[in-house]
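Read the structure below first, then the notes.
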Amino acid sequence: MKKTIVAPVGDYIEDLYVGIKEFPTEKIILLTPVDRVPIAEEAKANLEKFKIPTQIIQIKGNIWEAIFQEVAKIKKYEKGEIIINVSTGDRDSRCAATSAAFVNGLKAFGVEGNSTMLLPVLKFSYYKLLTDKKMKILEVLYTASDCCSSLDVLSKKVKMSMPLISYHVNGNLKSEGLKEMELVKTEDVKGRTKISLSFLGRMLMKGYIT
């Protein structure tokens with residue numbers, strides 16, 4: 001089956017061509033920061049020689065969030081098999097593309113010399129691991145601008161007891177908490193535990209993770 005290859009545009013665009021030698025390619029989508037558009041345009045022109053349709057998506061703002069957003073959209077709307085070449089970008093975009101593939105259950109590969117290496121695929125969905133109560137906590141942290149300077153404040157916002165809040169945030173030996181799932185982060189401030197969404201938690205609540 002031919003694949004749609006998604007690749008960030010950066011310092012190692014030549015790795016794009018190693019990927020298309022290894023994987024039968026139907027389409028290429030280039031995730032391109034504004035300052036890398038000329039590189040993407042040159043790659044698109046070169047790919048026309050192989051009669052491979054190429055789409056350039058310009059990404060702006062925070063590179064991590066932009067790549068998570070675009071990968072989620074591509075997964076939703078593109079038909080057929082999607083695979084991400086994580087080697088073509090710069091340091092940040094390569095890391096972001098790898099993480100976005102991982103949390104969305106997409107295949108990804110890296111390039112070493114003239115060889116490719118498939119990366120592990122995540123086999124579970126975050127949403128399947130989250131109970132209604134954990135989702136309620138995440139929703140409050142996402143929507144309430146003044147939350148949460150302490151677990152006590154969070155407890156009142158979600159109308160749960162402190163022991164229950166602590167259980168869902170910290171987990172126990174039998175169940176992962178939101179901290180261990182890396183969806184929230186905590187910080188001790190003046191003897192209180194301040195809690196907020198992590199980057200992964202924000203991406204989940206924005207719908208950029210499946």
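The values are calculated or read from the model by the stated rules, or taken from the named source; none is laboratory data. Model, not experiment: these values are computed from the prediction. Note: ideal-geometry Cβ built from the backbone for every residue, glycine included; neighbour counts use all protein chains shown.
Pick out the one residue from Glu42, Glu65, Glu48 that is touching a helix residue (DSSP H, G or I) at 6+ places or on another chain (Cβ under 8 Å) and acidic (Asp, Glu).
Residue meeting the stated conditions: Glu65.
Using the structure shown, decide if Val71 is under 16 Å from Phe109 (Cβ atoms), modelled with pLDDT of 95 or more, in contact with a strand residue (DSSP E or B) (Cβ under 8 Å, 6 or more places away or on another chain) and surrounded by 14 or more Cβ atoms within 10 Å (Cβ to Cβ). Spell out the reasoning first.
Details: under 16 Å from Phe109 (Cβ atoms): yes; modelled with pLDDT of 95 or more: yes; in contact with a strand residue (DSSP E or B) (Cβ under 8 Å, 6 or more places away or on another chain): yes; surrounded by 14 or more Cβ atoms within 10 Å (Cβ to Cβ): yes.
Spelling it out, Val71 is indeed under 16 Å from Phe109 (Cβ atoms), modelled with pLDDT of 95 or more, in contact with a strand residue (DSSP E or B) (Cβ under 8 Å, 6 or more places away or on another chain) and surrounded by 14 or more Cβ atoms within 10 Å (Cβ to Cβ).
Looking at the structure I just gave you, is Lys156 assigned by TED's automatic domain parsing to the domain that holds Thr32, surrounded by fewer than 20 Cβ atoms within 10 Å (Cβ to Cβ) and farther than 19 Å from Glu182 by Cα?
Numbers: assigned by TED's automatic domain parsing to the domain that holds Thr32: no; surrounded by fewer than 20 Cβ atoms within 10 Å (Cβ to Cβ): yes; farther than 19 Å from Glu182 by Cα: yes.
Considered against the rule, which asks whether it is assigned by TED's automatic domain parsing to the domain that holds Thr32, surrounded by fewer than 20 Cβ atoms within 10 Å (Cβ to Cβ) and farther than 19 Å from Glu182 by Cα, Lys156 comes out as no.
Looking for whichever is in contact with a Pro (Cβ under 9 Å, 6 or more places away or on another chain) and surrounded by 15 or more Cβ atoms within 10 Å (Cβ to Cβ) here; the options are Ile63, Ile83. Which one fits? So that I can check it myself, show each step before the final result.
Numbers: Ile83 fails: in contact with a Pro (Cβ under 9 Å, 6 or more places away or on another chain).
After ruling out the rest, the residue left standing is Ile63.
Does Gly105 meet the test of being in the same structural domain as Pro53 (by TED's automatic domain parsing) and touching a strand residue (DSSP E or B) at 6+ places or on another chain (Cβ under 9 Å)?
Numbers: in the same structural domain as Pro53 (by TED's automatic domain parsing): yes; touching a strand residue (DSSP E or B) at 6+ places or on another chain (Cβ under 9 Å): no.
No; evaluated as a whole, the condition is false for this residue.
Quick one: is Leu178 touching a residue at least 40 places away in the same chain (Cβ under 8 Å), part of a loop (DSSP other than H, G, I, E, B), in contact with a strand residue (DSSP E or B) (Cβ under 6 Å, 6 or more places away or on another chain) and closer than 30 Å to Lys76 by Cβ?
On the way: touching a residue at least 40 places away in the same chain (Cβ under 8 Å): yes; part of a loop (DSSP other than H, G, I, E, B): yes; in contact with a strand residue (DSSP E or B) (Cβ under 6 Å, 6 or more places away or on another chain): yes; closer than 30 Å to Lys76 by Cβ: yes.
Spelling it out, Leu178 is indeed touching a residue at least 40 places away in the same chain (Cβ under 8 Å), part of a loop (DSSP other than H, G, I, E, B), in contact with a strand residue (DSSP E or B) (Cβ under 6 Å, 6 or more places away or on another chain) and closer than 30 Å to Lys76 by Cβ.
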